[in-house]
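The next block holds one structure in the form of structure tokens; read it before the comments.
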Amino acid sequence: MHYVISGAGEPVILIHGLFGNLDNLKSLGTSLENDFQVVRVDLPNHGLSEHWSTMDYPSLAKAIIALIDELGFNSVKIVGHSMGGKIAMATALLYPERVNSLVVADIAPVTYQPRHQTVFAGLSSLVLDKDTNRKTALVHLINSGIDEGTAQFLLKNLQRTDDGFEWKMNLTGLINCYDRIIGWQLTDDHRPLHYDKPCLFIRGDESNYVMAEHRDAIVAQFPQVSAKTINGAGHWLHAQKPEIFNRIVANFLR
């Protein structure tokens with residue numbers, strides 16, 4: 001797994017969401033560097049990390065533990081946004097002795113209904129050849145029904161080749177594993193798991209990812225949970241309200 005390390009102190013791993021990369025939480029990482037050793041990762045099928053044909057939360061949690069072992073850490077704090085928040089939760093639930101505390105940004109430990117079909121359709125139908133450039137790609141995604149902000153975010157995954165462009169992310173792998181990404185199954189026998197150490201859930205008040213109906217599932221799995229809501233923020237709360245988000249996370253981790 002590709003990663004970058006900065007700062008010094010107790011280790012904190014920052015995990016991005018679907019279609020992202022290690023730069024998504026760079027602002028948060030910079031704000032933590034004076035107090036913590038910060039590790040920002042490219043998840044499998046994203047950024048510069050390896051491509052997987054099969055991607056689920058138990059295997060992703062195992063990959064995080066392998067990284068922790070590789071770096072020589074006994075235990076860490078973890079912050080994750082969206083899909084990265086699910087990976088953070090899965091790691092804490094499956095390997096609680098390796099996770100000291102947990103911050104989950106705008107996601108709940110539940111199964112969601114599909115909500116990325118338009119994005120996948122737009123990405124899949126974009127022709128990547130010598131006639132493609134970032135401007136035409138942006139126009140294509142917007143014409144496919146993707147808002148401009150999301151389209152600009154997605155196009156950060158484009159990298160130039162001799163024949164035009166290609167995706168850094170494993171688009172086919174993400175499509176094939178999407179049901180597992182929106183799902184929430186950590187054990188074959190569905191046995192209940194819970195993480196009894198401190199954890200913080202942060203949501204944007206304009207987001208529909210963490211709702212009142214998710215409260216019971218959150219408390220059942222994370223009984224020591226505390227919660228914060230950032231007003232005027234949606235699902236991309238770390239980008240929309242970075243100063244507030246960074247301060248909340250730093251205060252909790254300290």
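The values are calculated or read from the model by the stated rules, or taken from the named source; none is laboratory data. The structure displayed is predicted, hence computed values, not measured ones. Heads up, the Cβs are rebuilt from the backbone with ideal geometry, glycines too, and the neighbour counts pull from every protein chain shown.
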- request: Using the structure shown, decide if residue 58 is assigned by TED's automatic domain parsing to the domain that holds residue 93, in a helix (DSSP H, G or I), modelled with pLDDT of 95 or more and closer than 19 Å to residue 178 by Cβ.
  value: yes
- request: Sort out which residues of the range 31-55 are on the phi > 0 side of the Ramachandran plot and at pLDDT 95 or above, and write them in order of number.
  value: 45
query: residue 128 passes all but one of (1) among the hydrophobic types (A, V, I, L, M, F, W, C); (2) surrounded by 18 or more Cβ atoms within 10 Å (Cβ to Cβ); (3) over 30 Å from residue 32 (Cβ atoms); which number fails?
result: (2)
query: Taking the range 114-169 as the region of interest, how many residues are within 25 Å of the chain's Cα centre (by Cα) and on the phi > 0 side of the Ramachandran plot?
result: 1
field: the range 133-181, subset touching a residue at least 60 places away in the same chain (Cβ under 8 Å) and of a type in the set (A, V, I, L, M), residue farthest from residue 56 (Cα to Cα)
entry: 154
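Go through 64, 78 for me and flag whichever is in the same structural domain as residue 196 (by TED's automatic domain parsing), surrounded by 16 or more Cβ atoms within 10 Å (Cβ to Cβ), touching a helix residue (DSSP H, G or I) at 6+ places or on another chain (Cβ under 8 Å) and outside any helix (DSSP H, G or I).
Values: 64 fails: outside any helix (DSSP H, G or I).
None of the others qualify; the one that does is 78.
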query: So which of 18, 48 is surrounded by fewer than 23 Cβ atoms within 10 Å (Cβ to Cβ), of a type in the set (A, V, I, L, M) and touching a helix residue (DSSP H, G or I) at 6+ places or on another chain (Cβ under 6 Å)?
result: 18
- prompt: Across the range 150-170, what is the number of residues that are under 13 Å from residue 46 (Cβ atoms), among the charged types (D, E, K, R) and not in a loop (DSSP other than H, G, I, E, B)?
  reply: 1
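Restricting to the range 84-113, count the residues that are under 16 Å from the mean Cα position of the chain (by Cα) and buried (at least 19 other Cβ atoms within 10 Å of the Cβ).
Selection size over the range 84-113: 17.
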- request: Pull up the range 154-166, narrow it to residues that are surrounded by fewer than 17 Cβ atoms within 10 Å (Cβ to Cβ) and either within 18 Å of residue 49 (Cβ to Cβ) or in contact with an Asp or Glu (Cβ under 6 Å, 6 or more places away or on another chain) (or both), then point me to the one that is modelled with the lowest pLDDT.
  value: 164
query: Which fully enclosed strands (runs of 3 or more DSSP E) of the range 1-48 have 1 or more residues being under 30 Å from residue 118 (Cβ atoms), in contact with a Gly (Cβ under 7 Å, 6 or more places away or on another chain) and of a type in the set (Lys, Arg)?
result: 36-41
message: So in the range 240-254, with the set limited to residues that are without any contact (Cβ under 8 Å) to a residue 60 or more places away in the chain and surrounded by 14 or more Cβ atoms within 10 Å (Cβ to Cβ), which one is nearest to residue 20 (Cα to Cα)?
response: 240
- request: Could you list, in sequence order, all residues of the range 197-226 that are small (Gly, Ala, Ser) and surrounded by 14 or more Cβ atoms within 10 Å (Cβ to Cβ)?
  value: 204, 207, 217
- prompt: Of the residues in the range 20-40, how many are over 20 Å from residue 202 (Cβ atoms) and either outside the structural domain of residue 68 (by TED's automatic domain parsing) or within 9 Å of the chain's Cα centre (by Cα) (or both)?
  reply: 1
- request: Filter the helices (runs of 4 or more DSSP H) completely within the range 191-254 down to those with at least 2 residues that are charged (D, E, K, R) and assigned by TED's automatic domain parsing to the domain that holds residue 32.
  value: 215-221, 242-253
task: Return yes when residue 166 is acidic (Asp, Glu) and in contact with a Leu (Cβ under 9 Å, 6 or more places away or on another chain) and no when it is not.
output: yes
